[in-house]
Amino acid sequence: MDSQDTEDRQLVITDGRQSPRAAEVQRGVGRLLLDMGFATIAELALSTGRRADIVAANKTGDIWIIEIKSSVEDYRADNKWPEYWEHCDRLYFAIPPDMPQEIIPDQAGLIVADRYGAEIIRHVEEQRLSAARRKAVILRFGRAGALRLHRLMDPEGGL
């Protein structure tokens, strides 16, 4: 198996919630955020019951949420994104390169991504979380990461 086959095979290993195209955007965004010093969790359940596509936290406790939209139809079908502001300092949309950028509202930042990487096209002004909300999101983030790691290490462990 050559390296391209291995890379394609690894891309298929997702949690099953996103389309292959959204998984490619997620992968590229993850690479960008890692390069920027962020750790990420995909599909993190928030206290409201909503699931954020990507939640990112850096070593200083900054929290970003990235909402992935893989098509115009996907964007138009979703009006819950403003609720994510209650759980992050910055909110971004991540879209594939061929999606029209002008449909993304100015109230959020914009990232363009493919399976190999991503670029922040437009930053959004920071809206700092309260200390109590930051603590709650970071605890949820850390717990989710630890539980996912445990499931990988012990799939029959009862979780």
Positions within region 89-130 being surrounded by fewer than 18 Cβ atoms within 10 Å (Cβ to Cβ) and among the aromatic types (Phe, Trp, Tyr), in sequence order: Tyr116
Qualifying residue in region 143-159 (condition: surrounded by 18 or more Cβ atoms within 10 Å (Cβ to Cβ), of a type in the set (A, V, I, L, M, F, W, C) and in contact (Cβ under 8 Å) with a residue 60 or more places away in the chain): no
Verdict on Arg140 being over 18 Å from Leu34 (Cβ atoms) and either within 13 Å of the chain's Cα centre (by Cα) or part of a helix (DSSP H, G or I) (or both): yes
Subset of region 56-89 (residues that are under 12 Å from the mean Cα position of the chain (by Cα), not small (Gly, Ala, Ser) and not in a loop (DSSP other than H, G, I, E, B)): Ile63, Trp64, Ile65, Ile66, Glu67, Ile68, Tyr84
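Rundown of residues vs (1) among the polar types (S, T, N, Q); (2) in a helix (DSSP H, G or I); (3) at pLDDT below 95; (4) over 22 Å from Ser71 (Cβ atoms), yes/no style:
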| site | (1), (2), (3), (4) |
| --- | --- |
| Glu102 | no, yes, no, no |
| Gln107 | yes, no, no, no |
| Ala113 | no, no, no, no |
| Glu119 | no, no, no, no |
| Glu126 | no, no, no, yes |
| Arg133 | no, yes, no, yes |
| Gly145 | no, yes, no, yes |
| Gly157 | no, no, yes, yes |
Number of the exception - Arg133 against (1) surrounded by 13 or more Cβ atoms within 10 Å (Cβ to Cβ); (2) more than 17 Å from the chain's Cα centre (by Cα); (3) of a type outside the set (Asp, Glu); (4) under 24 Å from Arg21 (Cα atoms): (4)
Tally of residues being out of contact with any helix residue (DSSP H, G or I) (no Cβ under 9 Å at 6 or more places or on another chain) and among the aromatic types (Phe, Trp, Tyr) across region 82-118: 2
Unique match (being touching a strand residue (DSSP E or B) at 6+ places or on another chain (Cβ under 7 Å) and at pLDDT below 95) among Arg31, Arg17, Arg9, Arg90: Arg17
Any hit, region 93-105, residues being free of Cβ contacts under 8 Å to residues at least 24 places away in the same chain, closer than 24 Å to Ala57 by Cα, touching a strand residue (DSSP E or B) at 6+ places or on another chain (Cβ under 6 Å) and not aromatic (Phe, Trp, Tyr): no
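The values are calculated or read from the model by the stated rules, or taken from the named source; none is laboratory data. For clarity, every value in this text was computed on a predicted model and none was experimentally measured. For neighbour counting, all protein chains shown are included, and Cβ atoms are generated from backbone atoms with ideal geometry for every residue, glycine included.
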